[in-house]
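Below: the structure, in structure tokens.
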Amino acid sequence: MSKWTTSPREALRAGKGFDLAAFDPSSRPGWDHSRAAGEARLAKNGVRLGELQERLFADGRTGGTRSVLLVLQGMDTAGKGGIVRHVIGLVDPQGVQLKSFGVPTETERAQHYLQRIRDGLPTPGHIGVFDRSHYEDVLVVRVNELVPREVWEPRYDEINAFEKEVVDGGTTIVKVALMVSPAEQKARLRERLERPDKYWKYNPGDLDVRTQWPLYQEAYQAVLDRTSTEHAPWYVVPADSKWYARMAIGRLLREALEDLDLGWPPADFDVEAELARLDAQPT
Ligand code: ADP
């Protein structure tokens, strides 16, 4: 079985001085092998992910307080949906809490922007997945000036403090920015327009967002500069190869679960006595 040369945790982490302009969305950091080898790796990883997720679920059922939150951000067509289907799809759905954050409703708009995020946090024992997140409040909101600068500017610090509180409460946060190149995005949008089975994914507004690409790059750079913290670092995942992005995120998630170091909950009953009672019963 082919192995990573550098773990995605090391290879993809947005550290100090990370430069998005120099980042290549078609690269495959840490992986020198073929697509077939990558797909085999993801499948194998999936088996382990499933087992770890079951341990987390069992822990939550027996009074544990831990959970894991995967935050997915990325431009249209970057493959957020594919991550949900192909990576999260490898684990038992009853242990997953998926939330998608679109344009805030009227009720949500009347609340603090973090309120709907708090309401969507995973409960103990679960893997939460955010398809878009509070980062939209410093991405689309900043790019389109939906609120003035004085309002969005303090949000970076506020988000860091919020995430610290979430982490201290027992939730591991794994933040992933999926980066697709403009050329690959164009090809994916074209596919949506050429295949009737993909029309449903197409939104004419996506083309308008595309014209704002440099502004989004700038907004993503600010997010990476200001919110890649020790307690909740960002991983920037090249997304031109869907299989690479999936296997990398599968591995990031697995490591987050491994770090919880959860065993199986001990029996809270007398195992020998219960076995004796079972044996005493007729077949
Ligand atoms: P997707 O494009 O992810 O498939 P949708 O079609 O529901 O899903 O799009 C979600 C839209 O909601 C995106 O255009 C995104 O920019 C927007 N959105 C998400 N959060 C906010 C927010 N806080 N303020 C304004 N727009 C937001």
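Close contacts from segment 114-136, counting a first residue that is over 17 Å from Glu158 (Cα atoms) and a second that is hydroxyl-bearing (Ser, Thr, Tyr) and open to solvent by 30 Å² or more (accessible area, probe 1.4 Å), with Cβ to Cβ under 6 Å and a gap of 6+ residues or different chains, come to Pro124/Thr65; Asp131/Ser100. Residues considered: Gly60, Gly81. Of these, the only one that is assigned to a helix (DSSP H, G or I), exposed (fewer than 15 other Cβ atoms within 10 Å of the Cβ) and in contact with a strand residue (DSSP E or B) (Cβ under 8 Å, 6 or more places away or on another chain) is Gly81.
Within segment 270-283, is even one residue open to solvent by 30 Å² or more (accessible area, probe 1.4 Å) and under 30 Å from Ile173 (Cβ atoms)?
No, segment 270-283 has no match at all.
Test Ala267 against the stated conditions and say whether it is in a helix (DSSP H, G or I), away from the ligand (no atom under 16 Å from the Cβ) and over 22 Å from the mean Cα position of the chain (by Cα). No. Scanning segment 143-157 for residues that are out of contact with any Lys or Arg (no Cβ under 8 Å at 6 or more places or on another chain) and within 14 Å of the ligand (Cβ to nearest atom) yields Val143, Asn144, Glu145, Leu146, Val147, Val151, Arg155.
Say whether the condition of being away from the ligand (no atom under 12 Å from the Cβ), open to solvent by 30 Å² or more (accessible area, probe 1.4 Å) and among the polar types (S, T, N, Q) is met by at least one residue in segment 160-172. Yes: segment 160-172 contains one or more residues that are away from the ligand (no atom under 12 Å from the Cβ), open to solvent by 30 Å² or more (accessible area, probe 1.4 Å) and among the polar types (S, T, N, Q). May I ask you to list the residues in segment 191-215 that are under 15 Å from Ser181 (Cα atoms) and out of contact with any Phe, Trp or Tyr (no Cβ under 8 Å at 6 or more places or on another chain)? If the condition is that a residue be under 15 Å from Ser181 (Cα atoms) and out of contact with any Phe, Trp or Tyr (no Cβ under 8 Å at 6 or more places or on another chain), then Asp206, Leu207, Arg210, Thr211, Gln212, Trp213, Pro214, Leu215 are the ones that fit.
The set of residues in segment 85-140 being charged (D, E, K, R), away from the ligand (no atom under 11 Å from the Cβ) and in contact with a Phe, Trp or Tyr (Cβ under 9 Å, 6 or more places away or on another chain) consists of Asp92, Lys99, Arg118.
Give segment 190-216 a look and list any residue that's in a helix (DSSP H, G or I), under 25 Å from Arg155 (Cα atoms) and open to solvent by less than 50 Å² (accessible area, probe 1.4 Å), or say none. Full working, then the answer.
Quick first cut of segment 190-216, residues in a helix (DSSP H, G or I) only: 190-194, 196-201, 205-210, 213-216.
Restricting the remaining residues to those that are under 25 Å from Arg155 (Cα atoms) gives 209-210, 213-216.
Correct list: Val209, Trp213, Tyr216.
The values are calculated or read from the model by the stated rules, or taken from the named source; none is laboratory data. None of the values given here were measured: they were computed from a predicted structure. Reconstructed Cβ throughout: ideal geometry from the backbone, glycine too, with neighbour counts over all protein chains shown. Ligands, DNA and RNA are excluded from the accessible area calculation, which covers all protein heavy atoms including side chains. Shrake-Rupley method; radii C 1.70, N 1.55, O 1.52, S 1.80 Å.
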